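Structure first, then comments.
The values are calculated or read from the model by the stated rules, or taken from the named source; none is laboratory data. Values in this document were obtained by computation on a predicted structure and should not be read as measured data. Cβ: placed from backbone, ideal geometry, glycine included. Neighbour counts: every protein chain shown.
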Amino acid sequence: MTMARRQLVDTAVTRHYHCISRCVRQASLCGRGFEHRKVWVEMRLEDLARSFAIAVSGFAILDNHLHILCRIDPEVAAGWTDEEVLRRWIAIYPPRGLDIQSPEEVKAWVDQQCRNPGRVGTIRERLCNLGWFMKAIKEPLSRLANKEDNCRGTFWEARYKSIAILDEAALLATCAYIDLNPLAAGIAKLPEDSLHTSIRQRIRHIRQMNALARLQAALRAGSSAAAQLEGDIEQLHWLCPLQDRRGQGSTREGLLVGFSLSGYLQLVDWTARLCRSGRARLSRKVAAVIERIGASAATWNNAMNHLLHKTRWLGNYCTTRPERLKAVALRLGRHRVENAFGCVQLQSAC
């Protein structure tokens, strides 16, 4: 049953959402000679991640649809000054007639807008709103594509699907699923060859930081040692860091505490063998990542095999814990809510 977005997106339940948006009629409007449109989306995602109080934890842009794993951070938006809110907004939506390259003009515009606290409050709310985030991605691409095709009409399907991620195991599985989407679709042969994905962005950032040797040392080390060796490699990248290092003094919140980038790369590489030929050896490091979320190699195998061969995500929530579904249903006043994971779980959640 369709659920109103205001009911589904509730940061008191979870801050993590897997968003899926498809081109109209599921046509390959970003493929077959129009692959440059994927670059537009990727660049726009980076701009929005730097302006919104919404972190992008993972993404994959394919010929006829896109996946984005988001984390909503309302407390971050609440900490911005009025001036910062307005400057972030005009970075996304420059006012017509305002020369944003002129510091004097921008300062005058910001000072004027700061006199209207109601307007600033509205913009602050929009900058941590999932609907506005998705709108800010999709609308510009629609206009650019229609101009390129010299036509009018809808580029994207009217709604986007958002799936609330309720626990760590579901979060990790969703992240891996998104990064492996092009490989599962037969577009790429290796995870790192998957164009327009978060895993490729992360690997490219490592190379740009000249941190490949450090990451390789982390890959050889145990999981706890790897977290220390990697340090703050991810902190300067626009994607949400996989490792949450706030306990070690980092300012940005990561995806999971004690969850190293090298461990994730090994996990993705091992999981990739489920949808391509090749023998995989389960290293101790991969096993440690899986065990940390309360699963085993066999159950992870079954769950990811199920996810990677799904043709459509059904249900508005994703969890490996039945008690989380029951709590959400109770909060909404419903008898039950659907689990997008289906009945193949990392833990017993059917």
Review point. Just a yes or no: is a residue in the range 1-14 under 19 Å from Arg200 (Cα atoms), assigned to a loop (DSSP other than H, G, I, E, B) and touching a residue at least 24 places away in the same chain (Cβ under 8 Å)?
Key: no
Practice item. Would you list the helices (runs of 4 or more DSSP H) that sit entirely within the range 18-123 and hold 2 or more residues that are touching a strand residue (DSSP E or B) at 6+ places or on another chain (Cβ under 7 Å)? Key: 36-51
Review point. Right, Leu29: of a type in the set (A, V, I, L, M) and modelled with pLDDT under 95 or not?
Key: yes
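On the basis of being surrounded by 13 or more Cβ atoms within 10 Å (Cβ to Cβ) and of a type outside the set (A, V, I, L, M, F, W, C), does His335 make the cut?
Spelling it out, it is not the case that His335 is surrounded by 13 or more Cβ atoms within 10 Å (Cβ to Cβ) and of a type outside the set (A, V, I, L, M, F, W, C).
Going by the conditions given, is Ala176 touching a helix residue (DSSP H, G or I) at 6+ places or on another chain (Cβ under 6 Å) and in a loop (DSSP other than H, G, I, E, B)?
no
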**Study point:** From Leu171, Leu127, Leu98, residue being more than 30 Å from Glu323 (Cα to Cα) and either assigned by TED's automatic domain parsing to the domain that holds Ala27 or within 22 Å of the chain's Cα centre (by Cα) (or both)
**Key:** Leu127
Review point. Being closer than 20 Å to Arg126 by Cα and in contact with a helix residue (DSSP H, G or I) (Cβ under 8 Å, 6 or more places away or on another chain), is that true of even one residue in the range 20-33?
Key: yes
Practice item. Answer with yes or no whether Ile233 is modelled with pLDDT of 90 or more, at negative phi and surrounded by 15 or more Cβ atoms within 10 Å (Cβ to Cβ). Key: no
Exercise for review: May I ask you to list the residues in the range 238-260 that are in contact with a helix residue (DSSP H, G or I) (Cβ under 6 Å, 6 or more places away or on another chain) and hydroxyl-bearing (Ser, Thr, Tyr)?
Suggested key: Ser260
